[in-house]
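**Student:** Please read through the structure below; I'll follow up with questions.
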Amino acid sequence: LKDQDSDLRCAAATALGQLGNGQLGNLSETVVSALLPQLEDQDSDVRCATINALSQLGNSSQVVITALLGCLKDEESGVRASAAETLAELGKPSSYVSSALAQWIELHQSSDYVGSGIDALWNLEIAQ
């Protein structure tokens, strides 16, 4: 995850996500903690791979949701779309995600990125 080669960072994030939450057991929080800083990576492909890994892990903790909400303001539309999709997926078992998204949308009404939050909330509501 800390290699200088962005392709290797993507591959590492992808591999961690493919482990899935079920196989990690008590290591899940350690893996999530290792992945979260990658959401700030300079390479948008690494950020997307990290979001996808978090989605595969299925961890809908407040820390993960808050980090993904931050990704809705990413400069890259692909990152915003991945974050919105993942928030919708992780939100299915959690009412926290719906309320956090609604709150984020309310706070970012004038933001250029509010559409990503609205998309995520819409997808979440459709899924329920």
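**Student:** Hey, in the GNM for the chain with a 10 angstrom Cα cutoff, which one of Leu87, Leu19, Leu101 fluctuates hardest?
**Tutor:** Leu19
**Student:** Please give the length that would be gained between Ser110 and Asp5 if that part of the chain were fully extended, namely 0.36 nm times their separation in residues minus their C-alpha to C-alpha distance (nm, one decimal). Intermediate values should be presented prior to the final figure.
**Tutor:** Details: separation 105, 0.36 × 105 = 37.80 nm, distance 3.64 nm.
Full extension from Ser110 to Asp5 adds 34.2 nm.
**Student:** Let me ask something else about it. Just Ala100, Ala53, Ala84 to compare: in a GNM of the chain, with alpha carbon springs under 10 Å, which one fluctuates most?
**Tutor:** Residue with maximal mean-square fluctuation among Ala100, Ala53, Ala84: Ala100.
**Student:** Another question about this same structure. Compare Gly115, Gly17, Gly91 in a GNM of the chain, Cα atoms joined below 10 Å, and give the one with the largest fluctuation.
**Tutor:** Looking only at Gly115, Gly17, Gly91, the largest GNM fluctuation is found for Gly115.
**Student:** Another one. Count charges around Ser82 for me, please; just the other residues with Cβ under 11 Å from its Cβ, Lys/Arg as +1, Asp/Glu as -1.
**Tutor:** Values: positive: Arg47, Arg80; negative: Asp45, Asp74, Glu76, Glu85, Glu89.
Neighbour charge sum, excluding Ser82 itself: -3.
**Student:** Distance between Cα centroids, the stretch 67-128 to the stretch 5-44: provide it in whole Å.
**Tutor:** Rounded to whole Å, the Cα centres lie 21 Å apart.
**Student:** Now for a separate question. Strictly greater than 24 Å: what percent of every Cα pair in the chain meets that? Mind dumping the intermediate values first?
**Tutor:** Details: 1882 of 8128 pairs.
Result for the distance tail: 23 percent.
**Student:** Once the other residues with Cβ under 14 Å from the Cβ of Ala102 are scored (Lys, Arg +1; Asp, Glu -1), what is the net sum? List each step's numbers first, then the result.
**Tutor:** Values: positive: none; negative: Glu106, Asp119, Glu125.
It works out to a net charge of -3.
**Student:** Run through the stretch 70-128 and list the GluC sites (Glu not before Pro) located in a DSSP loop whose Cβ has at most 13 other Cβ atoms within 10 Å. Could you put the intermediate results ahead of the total?
**Tutor:** Numbers: sites: Glu75, Glu76, Glu85, Glu89, Glu106, Glu125; in loops: Glu75, Glu76.
Taking the stretch 70-128 and a limit of 13 other Cβ atoms within 10 Å, the loop GluC sites (Glu not before Pro) found are Glu75.
Each value in this text was obtained by applying a stated rule to the coordinates, not by laboratory testing. Source: prediction; values computed, not measured. Note that each Cβ is placed from the backbone with ideal geometry, even for glycine, and that neighbours are counted across all protein chains shown.
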